[in-house]
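These notes are about the structure you will find just below.
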Amino acid sequence: ENGGGGAGSEELASAVSPEMQKHLESCVDNHGKMIPCLMHPGQSYIECIDGCKAIQKCPDENSQRECRQLFDDNEDERNSCEEEVKWCISYREQIILPENDGAIAVNNAKIVNTSENNYHSQRGYIPWTQHCIDSSGLPTQTPGQNSVPGPDNLHNCYHSDGSNPVQRNLSGPYAYCGIDSDDDGTATPIICNTTFIGGIVSYNYDPRYRPWYTKTKEMQEPNWSEPYVFFQNDQMGISYSHPIYKTDEDDGRKVFVGVLALDLTLTGIASFLIKNYDEAENIVAIIEEAEPNYLIASSTGTTGVKKVLKDDHSIPCPE
């Protein structure tokens, strides 16, 4: 995941296991300080229905057709119709409320109080981590190997504050590391120490909330997104997304399991405007026609994205 796109999966483990529990202590802030991976009021999370084993017809037009009614007298057309039906894993989005206030479920814009389920704000998450990358595209924290020059221009790996070097060597049977199967069928968690190497900062990120993912799940076909702000670097970009499927072993159904996406930043447009209109009397800018009318690029190099307080958009977020 480079910005807003990447690989999104429907099949995330929902049960609490030792491999999952270890992630609770694996987060770091912008300064490299270890912090617990806990969610806060207002954040969303996915709650599985029937352990994320229940499936339903996906929302696209082809999947919603009643093939038997439409082609009751034509077996070939009915079979062809049923082959185009996709099935989606059932889950609901929940939002954390202040402790002991419960949670709310968001289903098709309908708010449902689920406080009787005794939810609370102390929920952990598996972090998504931004890494320093070497020239081969692999995570690194070895001095001098970071592909992006740091504040000292020595290609060292620093946390987001630009002063604390990254020195992360967590090891153990983390969920990321996978499972080994012994000859007798026993599942043994793999011990690894490279999962967090070069990890700059941790985020609570679930692609299933992102517009490129939800649009692809709804359409069930490849598509290009509208310009939007990437999660990782606050840059404007677009994504090309493609749905991923598996065939159910029991009934042969085509089950949607995630999205593979390619991100394209729009920084090249800004570079073009700066190069060609740097000495122009007027400022040249490209603005997205559709709302919210994003500033895509300008000849001054001004970014169209900034972080502001949720309650007052005129006040920038503190560093």
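The values are calculated or read from the model by the stated rules, or taken from the named source; none is laboratory data. Values in this document were obtained by computation on a predicted structure and should not be read as measured data. Don't worry about glycine lacking a Cβ; one is built from the backbone with ideal geometry, like all the others, and counts go over all protein chains shown. Note: areas computed on protein heavy atoms with side chains; ligands, DNA, RNA excluded. Shrake-Rupley method; radii C 1.70, N 1.55, O 1.52, S 1.80 Å.
With the other protein chains left in place, how much accessible area per residue, in square angstrom, belongs to the chain at a 1.4 angstrom probe?
On a per-residue basis, the chain sits at 61 Å².
List the GluC sites (Glu not before Pro) within the stretch 232-317 that fall in a DSSP loop (any state other than H, G, I, E or B) and whose Cβ has at most 13 other Cβ atoms within 10 Å.
Glu249, Glu279, Glu281, Glu289
Using alpha carbon centroids, what distance separates the stretch 196-270 and the stretch 55-85, in Å?
A separation of 27 Å, based on Cα centres.
Got a number for the accessible area of Val148? Probe 1.4 Å, square angstrom, nearest 10.
Counting only protein heavy atoms, Val148 exposes about 90 Å² to solvent.
Among (i) -0.28, -0.77, -1.49; (ii) -0.24, -0.63, -1.25; (iii) -0.18, -0.51, -1.27, only one was calculated for this model; which label is it, if the read-out is log10 I(q)/I(0) by the Debye sum over Cα atoms at q = 0.06, 0.10, 0.15 Å⁻¹?
(i)
Hey, any idea what % of the chain's accessible area is carbon plus sulfur with a 1.4 Å probe?
Summing carbon and sulfur atoms, their accessible area is 48 percent of the total for the chain.
Go through Ile197, Ile191, Ile244 and list them by solvent-accessible area, largest first, probe radius 1.4 Å.
Ile191, Ile244, Ile197
Hey, what number do you get for the chain at 222 nm if only DSSP H runs of n ≥ 4 count, each worth -39500 (n - 2.57), divided across all residues, to the nearest 500?
Using -39500 (n - 2.57) per qualifying helix, the result is -3000 deg cm²/dmol.
If a cysteine in the chain has no other Cys Cβ under 4.7 Å from its own Cβ, put it on the list, ordered by number.
Cys317
If one computes the Cα centroid of the stretch 150-167 and of the stretch 129-149, what distance in Å separates the two points?
Distance between centres, Cα-based: 11 Å.
Suppose a student asked you for the relative contact order of the chain, using Cα pairs under 8 Å spaced at least 6 residues apart; what percent would you report?
18 percent
For Val284, Val28, what's the largest-to-smallest order of accessible area, 1.4 Å probe?
Result, largest first: Val284, Val28.
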